[in-house]
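Peer 1: Okay, here's the structure, questions in a sec.
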Amino acid sequence: MTPVTGSRAIGILALRLVAGFYFLYAGLDKVFSFIGGSEPFSAAGFLTFGTAGSTSAAVAEGTVVNPTAPFWADLGANTSLLAVVDILIPFGQVAIGLALILGLATRFAAVMGFLMMAFITIAAWDFAHGLINSTSFLALVTLFLGVIRAGEVYGLDAIVDQQPIVKRTPVLRYVLG
């Protein structure tokens, strides 16, 4: 593979850093409440009350347009599963953010970021302004970062890829790169 250099490399790095900081800040805010929340993070409110959805069509107030809303509401009411979700979300956001910023295990982080944002997109079902919204856009950006091997551009993946164990184990290079 030809190394990426110049303005293209700077562009890839900038996109990777912006996406990484987005995830990192979102996760750290849930842990440390930067915005001023006094309650610990819980996904229960979103899962119970934020999953009715919206579409571009006019619907009556209180109408549930999200066909998956009952699943998310049930998840929000299940205290055992919710305890796991409330740990996985901030941990996942911080881990994805750090991995993207460092350019380490970028493909894996990109796939995890894509899945997280895809689940949030489906849960929110916010399509009032079309199919592309902030969560679906971030899902596509993170997936794109993995496809183009963005961690090899000014990232630690470029160093990790040169290690003998990675060269001997192609699946590692595919996951990490």
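Peer 1: At a Förster radius of 22 Å, what calculated FRET efficiency corresponds to the Cβ-Cβ distance of residue 61 and residue 119, to the nearest 0.05?
Peer 2: 0.25
Peer 1: Considering only 54, 70, 34, whose Cα is most displaced toward the positive end of the charge dipole of segment 6-176, charges sitting on Cβ of Lys, Arg (+1) and Asp, Glu (-1)?
Peer 2: Highest projection toward the positive end goes to 34.
Peer 1: Please compute the modelled spin-label separation between residue 9 and residue 144, points set 7 Å along Cα→Cβ, answer in nm with one decimal.
Peer 2: Those two pseudo-labels are separated by 2.1 nm.
Peer 1: Round to the nearest 10 and give me the degree value, 0 to 90, for the angle of helix 106-124's Cα axis relative to the longest principal axis of the chain.
Peer 2: 10
Peer 1: Right, another one. I'd like the FRET efficiency for residue 34 and residue 128, computed as 1/(1 + (r/R0)^6) with the beta carbon distance as r and R0 of 30 Å, rounded to 0.05.
Peer 2: It comes to 0.60.
Peer 1: Let me ask another. Using a basic spin-label model with each label point 7 Å from the Cα along Cα→Cβ, how many nm lie between residue 74 and residue 46?
Peer 2: Distance between label points: 2.1 nm.
Peer 1: Mind putting a number on the dipole of the chain about its Cα centre? Charges go on the C-beta only, +1 for Lys and Arg and -1 for Asp and Glu, and I need it in Debye to the nearest 20.
Peer 2: 800
Peer 1: Something else about it: How are the Cα pair distances of the chain distributed, in percent, across 10 Å bins from 0?
Peer 2: Per 10 Å bin, starting at zero, the Cα-Cα P(r) for the chain comes out as 10, 31, 31, 19, 8, 1, 0 percent.
Peer 1: Hey, another quick one. Please list, by residue number, everything in segment 29-44 whose backbone N is under 11 Å from a paramagnetic label point 7 Å out along Cα→Cβ of residue 83.
Peer 2: Counting backbone N atoms under 11 Å from the label point, the list is empty.
Peer 1: Would you mind ranking 154, 22, 174 by Cβ crowding within 10 Å, fewest neighbours first?
Peer 2: With the fewest neighbours first, 154, 22, 174 line up as 174, 154, 22.
Peer 1: Looking at 88, 22, 163, which one has the Cα that reaches farthest to the positive end of the dipole of the chain (charges on Cβ: Lys, Arg +1; Asp, Glu -1)?
Peer 2: 163
Peer 1: If each residue's Cβ is checked for other Cβ atoms within 10 Å, how do 121, 55 rank with the fewest at the top?
Peer 2: Final ranking by Cβ density, sparse to dense: 55, 121.
Peer 1: Kindly write out, for segment 143-155 in residue order, the coupling ³J(HN,Hα) from the Karplus curve 6.51 cos²θ - 1.76 cosθ + 1.60 (θ = phi - 60°), rounded to whole Hz, with x marking Gly and Pro.
Peer 2: After applying 6.51 cos²θ - 1.76 cosθ + 1.60, I find 4, 4, 4, x, 5, 8, 6, 5, x, 7, 9, 6, x Hz.
Peer 1: Would you mind pulling out the separation of the Cα centroids of segment 1-22 and segment 57-111, in Å?
Peer 2: Computed from Cα coordinates, the inter-centre distance equals 26 Å.
Bear in mind these aren't lab numbers, they're just calculated from the coordinates by the rules spelled out. Bear in mind that the values here come from a model prediction, so they are computed numbers and not experimental data. Cβ: placed from backbone, ideal geometry, glycine included. Neighbour counts: every protein chain shown.
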